[in-house]
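The values are calculated or read from the model by the stated rules, or taken from the named source; none is laboratory data. Just so it is clear, the model here is predicted, and its values are computed rather than measured. Positions of Cβ are generated from backbone atoms using ideal geometry, with glycine treated the same way; all protein chains shown enter the neighbour counts. Each accessible area value is taken on the protein alone, full model and side chains, heavy atoms only, with ligands, DNA and RNA left out. Shrake-Rupley method; radii C 1.70, N 1.55, O 1.52, S 1.80 Å.
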Amino acid sequence: MTRRIHPTTLRIPAVIAVAAFLAVASGCAAPPISREARSADSSRAPGASPTPGAGIGSVSHDVTFAAGAELTADSDIGWGDGLIEDEEWEALPADQPGRWSYVNASGACTASFRGGVLGDATGMDDREATDAMIEHQTGDDFLGRDWLTDGEFLRYGGEGSGVEHRQFSYTFNEVGYFMAARAFVEADYSVWVIVTCEGEPVGPVVQEVLSKNFIAVDAPAN
């Protein structure tokens, strides 16, 4: 049997992104729940909701890679967990702070999340640090930076705006792998999500995960 590896370029369809935003804005869905701790002594406890109407101070409407340079060390960034009360997903045991995972109803796919300190990214901008983070995290599965593409997380409270990210994906012998990540160099923070599926197309699952999970970005105004 011929083995085939092919990239799976995935983006959130506009209709999914708009529907997800309208559900939050109209009160049809609860605000996403923050799951990660920013640091060991963080005042944001797991399970706390992002600040209502979280904004980005002087940062542009979309948190592009370029806009990341306008963030500061005291910017508040975090995941909004959209799967914690989703009946189609079951939480898996977690043994690392700032990381959590779910398995879908079929048992074929998992979604793993991380939010925490970025670490040393000297001399890098947000895009470069993001690429380096994906390469490090995927390890031997990394197929080269030519396989990386641009994408976007939904931003909580941003009226349809997004948080630019980089993504990497492939399918090999019915095993699908997808990773989307964003490094915030000035804020010394990073977020990523990895979706894996075995025997089930990864694309639709990625779209579901990205449409239900938000990134909250709140930068104090100058």
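The table that follows gives values for the structure above.
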| item | result |
| --- | --- |
| Net +/- balance of residues flanking I134 in space, Cβ distance below 9 Å, scoring K and R +1, D and E -1 | 0 |
| Burial order of peptide ranges 96-106, 164-174 (average beta-carbon count within 10 Å, highest first) | 164-174, 96-106 |
| Residue-normalised accessible area of segment 151-216, expressed per residue, 1.4 Å probe, Å² | 28 |
| Full-stretch length increase - A132, V175 - with 0.36 nm per residue and alpha-carbon distance subtracted | 13.1 nm |
| Cut-off 11 Å (backbone N to label point 7 Å along Cα→Cβ of M124), residues of segment 179-217 | 182-185, 189-190 |
| Extension gain, T196 back to V117 (0.36 nm per residue minus Cα-Cα distance, nm) | 26.1 nm |
| Rotationally averaged projected area of segment 169-218 (alpha carbon convex hull; nm²) | 3.9 |
| Distance in nm between pseudo-label sites at A105 and E85 (7 Å out along the Cβ direction from Cα) | 1.8 |
| 37 °C / 0.692 mPa s Stokes-Einstein diffusion coefficient of segment 118-181, Kirkwood radius on C-alpha pairs, µm²/s | 252 |
| Estimated translational D of segment 75-222 in µm²/s (Stokes, Kirkwood radius over Cα pairs; 20 °C; 1.002 mPa s) | 135 |
| Local electrostatic count, A216, Cβ distance below 9 Å [Lys/Arg +1, Asp/Glu -1] | -1 |
